[in-house]
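Accompanying notes for the structure given below.
The values are calculated or read from the model by the stated rules, or taken from the named source; none is laboratory data. Not measured: the values here are computed from a predicted model. Every residue, glycine as well, gets a Cβ built from its backbone with ideal geometry; the counts of neighbours run over all protein chains shown. The accessibility values were calculated without ligands, DNA or RNA, using every heavy atom of the protein model including side chains. Shrake-Rupley method; radii C 1.70, N 1.55, O 1.52, S 1.80 Å.
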Amino acid sequence: MRTIDPDKHAARRAAILAAARHCFARKGFHQTSTAAICAQAGMSPGNLFHYFPTKQAIIAAIVDQEGGETAAYFAGAQDSADAYGALLDFMDLVLALAADADFAGLTLEIAAEAMRDMDIAVRVARNDACLRGGLQTLLEEAAARSQIDAALDPAQTASWLAALIDGIFNRVAVDPDYTPLAQRASLHQLLARFLRPALP
């Protein structure tokens, strides 16, 4: 039996997901054919189905991939001595991702698919819990270090920040004049007034 090189397998799988993300962001999940993904990835349908048996499996893998990236980010941020600064850095990353047309389009596609597909909904809910949990941990650390107002409820505040993140991506979708990266200064000011009112 032919042995599988795990590094080559992982690299090929990642290439398929990158191609699919590109296609899905531009045409949507249901308007994108597996043939289009194969063309973008430069492989035959038989080769693609060796890695992913269905298009839905590709969508699920993309959602899981995003959840893994979020978890990895917050795992690294927990070691920061400046938890408030780490929170601002994450929000800056959100603005950068929202400015990426492919990422922004895919984010909205995933949200819409979660309304139609229970499996995707479960995965999206898991990712959302990871996001809110990571934000909550940063808020708790910042409060413990007197970097933000300790009177704020960390869980509720994390939920409000998650809602703000959702709103940034929705604003990109409905307002062609909205430029996320140009909002950095005002976003930082908004967060400072929300999170640090008790500080001089």
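The table below lists the values:
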{"item": "Share of carbon and sulfur in the accessible heavy-atom surface of the chain [1.4 Å probe, %]", "result": "56 percent"}
{"item": "Interatomic Cα distance distribution for the stretch 157-200, bins of 10 angstrom, percent", "result": "24, 50, 22, 4"}
{"item": "Theoretical FRET efficiency, 1/(1+(r/R0)^6), r = Cβ-Cβ of Ala35 and Ala163, R0 35 Å, to 0.05", "result": "0.35"}
{"item": "Highest-fluctuation residue, Leu93, Leu139, Leu106 considered, GNM on the chain with Cα pairs under 10 Å", "result": "Leu93"}
{"item": "Estimated distance in nm for a label pair at Asp100 and Asp79, the labels positioned 7 Å out from Cα along Cα-to-Cβ", "result": "2.3 nm"}
{"item": "Per residue accessible area of the stretch 142-200, 1.4 Å probe, in Å²", "result": "62 Å²"}
{"item": "Label-to-label distance, nm, for residues given as Lys27 and Asp175 (7 Å Cα→Cβ offset)", "result": "3.2 nm"}
{"item": "Stokes-Einstein D in µm²/s, Kirkwood radius over Cα pairs - the stretch 1-90 at 4 °C with 1.567 mPa s viscosity", "result": "86 µm²/s"}
{"item": "Integer Hz, Karplus 6.51/-1.76/1.60 couplings in order for the stretch 133-141, x for Gly and Pro", "result": "x, x, 5, 4, 4, 4, 5, 5, 5"}
{"item": "Cα-only Debye scattering, the stretch 1-51: base-10 log of I(q)/I(0) at q = 0.13, 0.14, 0.21 Å⁻¹", "result": "-0.32, -0.36, -0.71"}
{"item": "Rg/Rg_globular for the chain, with Rg_globular taken as 2.2 N^0.38 Å and Rg from C-alpha atoms", "result": "1.17"}
